[in-house]
1. Find the relative contact order for region 211-323 and round it to a whole percent, using C-alpha pairs within less than 8 Å whose residues are 6+ positions apart.
2. Would you please give the FRET efficiency between VAL232 and ASP129, computed as 1/(1 + (r/R0)^6) with r the Cβ-Cβ distance and R0 = 22 Å, to the nearest 0.05?
3. In what sequence, highest mean first, do 194-205, 134-145 appear when ranked by Cβ atoms within 10 angstrom?
4. Starting from the Cα-Cα distance between ASP290 and SER481, subtract it from 0.36 nm times their residue separation and give me the gain in nm to one decimal.
5. Relative contact order (percent) for region 273-324, with alpha-carbon contacts under 8 angstrom and 6 or more residues of separation?
6. Taking R0 as 35 Å, what's the FRET efficiency between ASP301 and LYS84 from their Cβ-Cβ distance, rounded to 0.05?
7. Sort LYS294, LYS229 from largest to smallest accessible area, using a 1.4 Å probe on the heavy atoms of the protein chains.
8. Can you compute the charge dipole magnitude of region 256-298 about its Cα centre, using +1 on each Lys and Arg Cβ and -1 on each Asp and Glu Cβ, nothing else charged? Give it in debye, rounded to the nearest 20.
Amino acid sequence: MKCFRGLSLVLTWLFSFGFSQVVFLHSWSISLTEIKDTIIADCRKSEVWKILILDSFTTKLLSSCCKMSDLMAEKITIVEDLFKSREPVQEMKAIYFMSPTEKVCKYDLSLKPKYKAAYVYFTDYCPDDLFNNMKLHCAKYIRVCKELNISFMPQEAQVSGCTVSFLLNVPFPLFMQNLWSVDKKKTLETLAGQLVTLCATLDEYPGVRYKKDNNMENAKILAELVDNKLAVHYDLDDSGKKKGKTQAQLLILERNFDPVSPILHELTYQAMAYDLIDIQEDTYKYKSKDGSEKQALLNEDDMLWVKLRHKHIAEVSEQIPKMVKEISASKKQPDGKITISNLAQMMKKMPSFRKQLTEKTIHLQLAEDCMQHFSNNVEKLCKAEQDLAVGADAEGVKVKDPMRTLLPVLLSPFSTHDKIRAVLLYIFSLSGTTDENLNKLIQHVKIEDEREFILNWKQLGVPIITTPSMFSRKPTRRDRSQGEIYNLSRWTPVIKDIMEDAVENKLDSRDWPHQSECPTAWNGSGAVSARQKHKGSAQDERRSGSRLIIFVVGGICHSEMRSAYEVTQAVKSCEVIIGSSHILTPIRLLDDIKALSKGPMEIMTIEERNNA
């Protein structure tokens, strides 16, 4: 068995199957040559057809970057699910790409192999006991065994190509239960190992800091684990040299740092769509003009989605019709109001522009769906939510009595979830309320039997019930009143303040202790690194400048992902990347908060959760 322990970077093998669909990972220095020289090269020496066997996470990862035709070109004839019953095919080789857990390894890697030979590639470091067990029982059967740094899912990119966000392959939906259960240490160990694979893929050895929290200790423990694992990883570097700290900083914090942002009704296109429309697995389903069912995938391949997703819905509603008019003008089509019906007629008249018009049709429909919800009830909710979140109205007058702001929402015929969101924003604005007042609010919303929607926030370290001796200091926020454009979008996620303070070296070490120091050369203030010999593009500057990586324990929301995009655009010499275990939408977050009362259950990965 040909074994490689501590392999630093083999991520790139995947993308030899379909390079065009992963342009958004360009900033991670993926080259076609490196791809060809890794996994495919290992099994290409033989001309026999091969079987590819995947678990739930690697299936999702591979699906994001290639098609079956791409696999066929590499003589991969079948893609199988590791967990399903499969017939032995003794004359064929098998490529296993999977997570290094006992659950996945016990299926095939036994004394009775199903295939002629196995090429095993783990997404992460394989534990010694599992590795030794494989050597003991199936060394002759395994031709290659490698560990890859790919225990994360690149999630979103900027138009410029720099990656903005990532998700780890961690247990969920019961991820939060695990953090408050006896399995907490194991869960944090898993998180730490996967964060190391991210840093290794980025070729970064960052200084590590964490947000100090008197109520929770997960960020502190995770920071220590990550720093220790990074030291071990770079001590085992293939080059034989001990890697020094790079111009990068890793910040770790818990979800309770900002409970407001995931609950608010956001009016930017992506956040609004995922909040108000039933979008599952990034798939938007809608009905065309003729009544037929249609669906569209909202991902990096949809360039219009990439361009518009972080814009305010008002801008999106204005830009899409404008784009269609530009197409119609080029074909000398008559002007008029742009509707779905008009677009259908234009596609019949201009078949050569069908692809462009179809793309516009999808987003015109999605924007109209969002605006329909906005007109029906969201507009009325937004003013109250913004006043509670910001603590002042659109004119800047301080909200002295938050209950007067909340009461109209409770008395209106909004949905139960919308009322719960408003009640939570009221409680967050006061840093907690009395037990008596909370009971009255619960009765108003009529959730006496579902009070866990509100009470379980305390398990995240968010104050819900106050006591006379309790004191909570709210963080000082940056004044952004001069940059406000929309009265119903005045709130700025707290993470954006943190990002800007970090790149300007303004984070208070009392609130953000150093687990390990960054090099003194780390500077996110926009100063060009001294090693830069020439003035290149903004993307070139970011590659040779600094990098800020942020990990939030407990999920991130779309507005926080947008903040990473905005700060990276504003600070030309620093790339900001944010990640977590999962992306939060308000309804999903509330349901998961409520589920905390049920206690620990079977661990599920991201993919398994989506299939549940």
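1. 19
2. Result of the calculation: an efficiency of 0.80.
3. Working: 194-205: 23.2, 134-145: 16.2.
Going by the mean number of other Cβ atoms within 10 Å, highest first, we get 194-205, 134-145.
4. 64.1 nm
5. 19
6. Efficiency, rounded to the nearest 0.05: 0.80.
7. Largest accessible area first, the residues go LYS294, LYS229.
8. 260
The values are calculated or read from the model by the stated rules, or taken from the named source; none is laboratory data. Please read these numbers as outputs of a predicted model, since none were measured by experiment. Here Cβ is always computed from backbone atoms with ideal geometry, including for glycine, and neighbour counts include all displayed protein chains. These accessible areas exclude ligands, DNA and RNA; they are computed on the full protein's heavy atoms, side chains included. Shrake-Rupley method; radii C 1.70, N 1.55, O 1.52, S 1.80 Å.
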